1. For residue 58, indicate whether it is exposed (fewer than 13 other Cβ atoms within 10 Å of the Cβ) and either at pLDDT 95 or above or part of a helix (DSSP H, G or I) (or both).
2. Only residues that are open to solvent by less than 30 Å² (accessible area, probe 1.4 Å), without any contact (Cβ under 8 Å) to a residue 40 or more places away in the chain and among the hydrophobic types (A, V, I, L, M, F, W, C): list them for region 61-81, please.
3. Restrict the check to region 174-185 and report whether at least one residue is among the small types (Gly, Ala, Ser), open to solvent by less than 60 Å² (accessible area, probe 1.4 Å), within 30 Å of residue 60 (Cα to Cα) and in a loop (DSSP other than H, G, I, E, B).
4. Return the pairs, sorted by first residue and then second, in which the second residue is among the small types (Gly, Ala, Ser) and in a loop (DSSP other than H, G, I, E, B), the first residue lies in region 101-129 and is in contact (Cβ under 8 Å) with a residue 24 or more places away in the chain, the beta carbons are less than 8 Å apart, and the residues are 6+ apart or on different chains.
5. Hey, could you check region 12-47 for residues that are more than 21 Å from residue 87 (Cα to Cα) and of a type in the set (A, V, I, L, M) and say which is most open to solvent (accessible area, probe 1.4 Å)?
6. Step by step: first the residues of region 95-141, then only those that are part of a helix (DSSP H, G or I) and among the aliphatic types (A, V, I, L, M), then the one that is nearest to the chain's Cα centre (by Cα). Which residue is that?
Amino acid sequence: MDNLYRVSAFTKDGQGGNKAGVYIDADQLTDVEMQDIARKVGYSETAFVLKSDVADFKVRFFTPIAEVDICGHATIATFFTLKQLNIVETKTYSQETKAGILKIKVTHDEIHMQQNIPIFYNKVSKDLIKSCFTHVDFDENLDPYVLSTGIKEIFVPVKNKTVLNNLIPNIEQIKKVSLAHDTIGIHVFAIADDVDAYGRNFA
């Protein structure tokens, strides 16, 4: 497929990153075809770029099993790809998503994405989170919460980066807890001195 690109966002020195599919000029595709492409790509999300009547672009995001309202790394991957293809230049654009119309700033070597203001929902029991991981040690000053800037997740603060890196997930229990709280997964983070925070996402 000439319109399909495989891109890694958030790389460091060209290494690592978060992989996303990016499909350009997707207006001719049906929902079923988009879902099938996302399943075949197999990444956590594939973005499909379409024409919009209310923004510069419309972007839809599909996991291998369902459409989601927004995806951060796939947005970055999309506008990086558009820049590489000379479809966009260094200025601010708007993208229509199911989470709303958001601004995207394209610079010489970076993509900046606007996000919605976080919405806090319910606090989540630490005992419930303990059932999802081994070796979890919580940040005593913060509680796990369900919140969203477009997609609901359970945000779990842990004591430090070492605790974060040593977590062993119980995937089946994470699925159960996520479904029970109407979220797509659990985002565990540790506040740090050298950066704002380190995170791991169990979706």
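1. Values: exposed (fewer than 13 other Cβ atoms within 10 Å of the Cβ): no; either at pLDDT 95 or above or part of a helix (DSSP H, G or I) (or both): yes.
Answer is no for this residue.
2. 61, 62, 79 - these are the residues of region 61-81 that are open to solvent by less than 30 Å² (accessible area, probe 1.4 Å), without any contact (Cβ under 8 Å) to a residue 40 or more places away in the chain and among the hydrophobic types (A, V, I, L, M, F, W, C).
3. First pass over region 174-185, keeping only residues among the small types (Gly, Ala, Ser): 178, 180, 185.
If we keep only those that are open to solvent by less than 60 Å² (accessible area, probe 1.4 Å) too, we end up with 178, 185.
Of the ones still in play, those that are also within 30 Å of residue 60 (Cα to Cα) are 178, 185.
Now narrow it down to the ones that are in a loop (DSSP other than H, G, I, E, B): 185.
For region 174-185, residues among the small types (Gly, Ala, Ser), open to solvent by less than 60 Å² (accessible area, probe 1.4 Å), within 30 Å of residue 60 (Cα to Cα) and in a loop (DSSP other than H, G, I, E, B): present.
4. Final answer for the pair search is 101/55; 115/150; 116/99; 116/150.
5. Applying the filter and picking the extreme gives 32.
6. Checking each candidate, the answer is 129.
The values are calculated or read from the model by the stated rules, or taken from the named source; none is laboratory data. All figures in this text were calculated on a predicted structure; none of them were measured in a lab. Using ideal geometry, Cβ is built from the backbone for each residue, glycine included, and neighbour counts are taken over all protein chains shown. Surface areas here come from the heavy atoms of the whole protein model, side chains and all, with no ligands, DNA or RNA. Shrake-Rupley method; radii C 1.70, N 1.55, O 1.52, S 1.80 Å.
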